[in-house]
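None of the figures in this text is laboratory data; all of them are computed from the coordinates on show. As the structure is a prediction and not an experimental result, all values here were calculated from the model. When we count neighbours, we look across all protein chains shown, and the Cβ atoms used for this are built from the backbone with ideal geometry, even at glycine.
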Amino acid sequence: MKSDDRRRMYGLGNRLWHTDASFQDPPGRYSMLSARIVPPVGAETEFADMRAAYDALSAEMKAQLEGLRVHHSIAHSRQTLGFEFSKDEQEILKGAIHPLIRTIPRSQRRSLYIASHASRIIDWPVPEGRLLLRDLTEHATQPEFVYRHSWRVGDLVIWDNRATMHRARSFDDATYRRELRRVTTLDIEPPALVASGS
Ligand SMILES: [Fe+2]
């Protein structure tokens, strides 16, 4: 793509810390990336462990976050990079609301659920909500919570969007090709098994 191609510009949003499809309901659960063509330098993907980040919060902060809900919108994350949306586009991209703290069912561990798409905290003044979300993102992306994956051809990486944030790192895409193929599953519970009787 040309450097000013709108699709390329839009894809730059992947360089912000995010969790896949949090602006939808249901959002993404597992994402898988398969590396086919990898540039010789850069282009890593970083992952932040949102369970460890939650565990490291103070008891006071955990209590403050309890029960809060967050509005997520892709229009918001793209606006932070300078994209503009018409009223109609904003209506189509109206986003989704999710709890700020999630409990991962099997492990019962708690996890911060935030992302660049997180636009505001429901029932809070917008600036205060955004400042809290920014503080939490800074906290959660400290080096001790982050794993950086350097891609090799043939790698397949699978992650749980409920318990992580991730971001793409930059590389010289005017010189090198990069081809990673992605699948993301929806965060829905499997249908309950119905006992069949006669
Ligand atoms: Fe992503």
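Worth a mention:
- Going by neighbour counts of Cβ atoms within 10 Å, the residues MET1, MET165 line up, fewest first, as MET1, MET165.
- Summed residue charge, Cβ within 9 Å of ARG8's Cβ, Lys/Arg positive, Asp/Glu negative: 0
- Taking a sphere under 12 Å around the Cβ of VAL41 and counting the other residues whose Cβ falls inside, with K and R at +1 and D and E at -1, yields a net charge of -1.
- Here the simple spin-label model places points 7 Å from the Cα toward Cβ, and for GLN108 and GLU66 these points are separated by 1.7 nm.
- Relative contact order for the chain, counting Cα pairs under 8 Å that sit 6 or more residues apart, in percent: 44 percent
- Within-11-Å neighbourhood charge of ARG110 [Cβ basis; K, R +1; D, E -1]: +3
- Cα gyration tensor shape of the chain, rounded if a/c is under 1.5, else prolate or oblate by comparing a/b with b/c: rounded
- Taking 0.36 nm per residue of separation and subtracting the current Cα-Cα distance, fully stretching the chain between LEU186 and VAL126 would add 18.7 nm.
- Sorted ascending by nearby beta carbons within 10 Å, beginning with the fewest, SER111, SER73, SER34, SER58 become SER58, SER34, SER73, SER111.
- Applying the Karplus relation 6.51 cos²θ - 1.76 cosθ + 1.60 with θ = phi - 60° to region 112-129 yields 3J(HN,Hα) values of 6, 10, 10, 5, 4, 6, 5, 9, 6, 9, 4, 6, 10, x, 4, x, 5, x Hz, where x marks Gly and Pro.
- Backbone phi angles across region 147-161, fed through the Karplus curve with coefficients 6.51, -1.76 and 1.60 (θ = phi - 60°), yield HN-Hα couplings of 10, 10, 9, 8, 7, 10, 4, x, 5, 10, 10, 10, 9, 9, 5 Hz in residue order; Gly and Pro are listed as x.
- FRET efficiency, THR175 to ARG134 (Cβ-Cβ, R0 41 Å, nearest 0.05): 0.75
- In order through region 106-111: 3J(HN,Hα) via Karplus (6.51 cos²θ - 1.76 cosθ + 1.60), integer Hz, x for Gly, Pro: 5, 8, 6, 7, 9, 9
- Averaging Cα coordinates gives a centre for region 1-53 and one for region 117-177; these two points are 8 Å apart.
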